[in-house]
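Presented below is the structure to which this report refers.
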Amino acid sequence: MQIIKNQSFGGERPLFESHGLRLEHVTITDGESGIKECSDIECDHCRFEGKYPLWHVDRSIITHCYFAPGSRSAIWYSNDMVMSDCVIDGPKFFREMRQLELRDVVINDADETFWNIDGLVLRNVKLHEGTYPFMGSRHIRIDHLESDSKYVFQYVKDVEIHDAHIVTKDAFWEVEDVTIYDSFLDGEYLGWHSKNLRLVNCHIGGEQPLCYAHDLVLENCTFDPACDRAFEYSTVRADIRGHIESVKNPASGIIIADSIGEVILDENIKGPADCKIIIRNS
């Protein structure tokens, strides 16, 4: 493997079609497509400043690197990448990729990040700001995620999440086969139009959560006091610990809670309209 240390590269495509290359303390300055159409690339303690620095790169390891705000759309169409201990300040990272793993990474502008990724593993990742991370991605495994980005996890499939703290809006819309364990989920209109969404040991906040959901499952979950009008038009099996402010027009299934402030069943309820609502120990 060729090793390049302590150098800077700028302009357009300075390392085009490089293969078997290790970069140490290298800066990719202004310009475009610094590392493009490459394979078997390692970057350690590097700095990326220009646009599109890692496109069409197969098999790469990125460690202790920094991506400046100007490195927008930095990593697309690149497969089999492992990134660890990095900081990203540029938007629109990671698109149209297969087999991507991130460990101990902070993304400070998560706008339109992780789009159409097939095979994504995140461990101890933080997302800040931006909209629509994870759009259309599938086969996702996450352990410890912190995120305050808006509209996270829309149109995703086959997702398993552990120990997440997510503050957002319109999260987990149109998702399929998603399971979330031991997490804090706070945001308006959580999980609308989902299929096979399962929440285990989670705390849920925000207005009108979990409506229009199909085959929704909640196990040992709690709700914030401001969380109201839950489960409208949903098919649901819910085991709720503690109090829930209000339940509105669930379509079918069973909801068990310690207490419910209000159950709204009006003329707009959809069939079969046979959901059982049970107050525990009453």
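Some points to look at:
- Any hit, segment 124-132, residues being out of contact with any strand residue (DSSP E or B) (no Cβ under 7 Å at 6 or more places or on another chain) and within 24 Å of ASN79 (Cβ to Cβ): yes
- Candidates ILE28, ILE41: the one that is in contact with a Pro (Cβ under 6 Å, 6 or more places away or on another chain) and in a strand (DSSP E or B) is ILE28.
- All conditions but one from (1) open to solvent by 10 Å² or more (accessible area, probe 1.4 Å); (2) within 16 Å of MET135 (Cα to Cα) apply to GLU37; the one that does not is (2).
- Only one of GLY205, GLY253 that is free of Cβ contacts under 8 Å to residues at least 60 places away in the same chain, open to solvent by less than 60 Å² (accessible area, probe 1.4 Å), touching a strand residue (DSSP E or B) at 6+ places or on another chain (Cβ under 9 Å) and at positive phi: GLY253
- Residue that is farthest from ILE28 (Cα to Cα) [pool: residues in segment 50-67 that are in a loop (DSSP other than H, G, I, E, B) and open to solvent by 10 Å² or more (accessible area, probe 1.4 Å)]: HIS64
- Candidate set from segment 78-94 (those that are open to solvent by 40 Å² or more (accessible area, probe 1.4 Å) and farther than 12 Å from ILE107 by Cα); member that is nearest to the chain's Cα centre (by Cα): VAL82
- Subset of segment 264-277 that is open to solvent by less than 70 Å² (accessible area, probe 1.4 Å) and assigned to a strand (DSSP E or B) - its residue that is modelled with the lowest pLDDT: ILE264
- Where VAL200 falls short, out of the listed (1) at pLDDT 95 or above; (2) open to solvent by 10 Å² or more (accessible area, probe 1.4 Å); (3) over 22 Å from the mean Cα position of the chain (by Cα); (4) of a type outside the set (Ser, Thr, Tyr): (3)
- The single condition among (1) buried (at least 18 other Cβ atoms within 10 Å of the Cβ); (2) under 19 Å from LEU127 (Cα atoms); (3) modelled with pLDDT of 95 or more that ALA74 does not meet is (3).
- Condition check for ALA226: touching a Phe, Trp or Tyr at 6+ places or on another chain (Cβ under 7 Å), part of a loop (DSSP other than H, G, I, E, B) and of a type in the set (A, V, I, L, M): no
- Which listed residue is hydroxyl-bearing (Ser, Thr, Tyr), touching an Asp or Glu at 6+ places or on another chain (Cβ under 6 Å) and closer than 22 Å to ARG98 by Cα, from TYR132, TYR151: TYR132
Every residue, every condition in (1) more than 23 Å from GLU32 (Cβ to Cβ); (2) in a strand (DSSP E or B), yes or no:
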site	(1), (2)
ARG72	no, no
CYS86	no, yes
VAL106	yes, yes
GLY119	yes, yes
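- Residue, surrounded by the fewest Cβ atoms within 10 Å (Cβ to Cβ), within segment 1-25, restricted to residues that are of a type in the set (S, T, N, Q) and outside any loop (DSSP other than H, G, I, E, B): GLN2
- Residue that is in a loop (DSSP other than H, G, I, E, B), of a type in the set (Phe, Trp, Tyr), within 23 Å of the chain's Cα centre (by Cα) and surrounded by 17 or more Cβ atoms within 10 Å (Cβ to Cβ), where the choices are TYR212, TYR233: TYR212
The values are calculated or read from the model by the stated rules, or taken from the named source; none is laboratory data. All of these numbers come straight from a predicted model, not from anything done at the bench. Neighbour counts run over all protein chains shown; Cβ positions are idealised from the backbone, glycine included. Note: areas computed on protein heavy atoms with side chains; ligands, DNA, RNA excluded. Shrake-Rupley method; radii C 1.70, N 1.55, O 1.52, S 1.80 Å.
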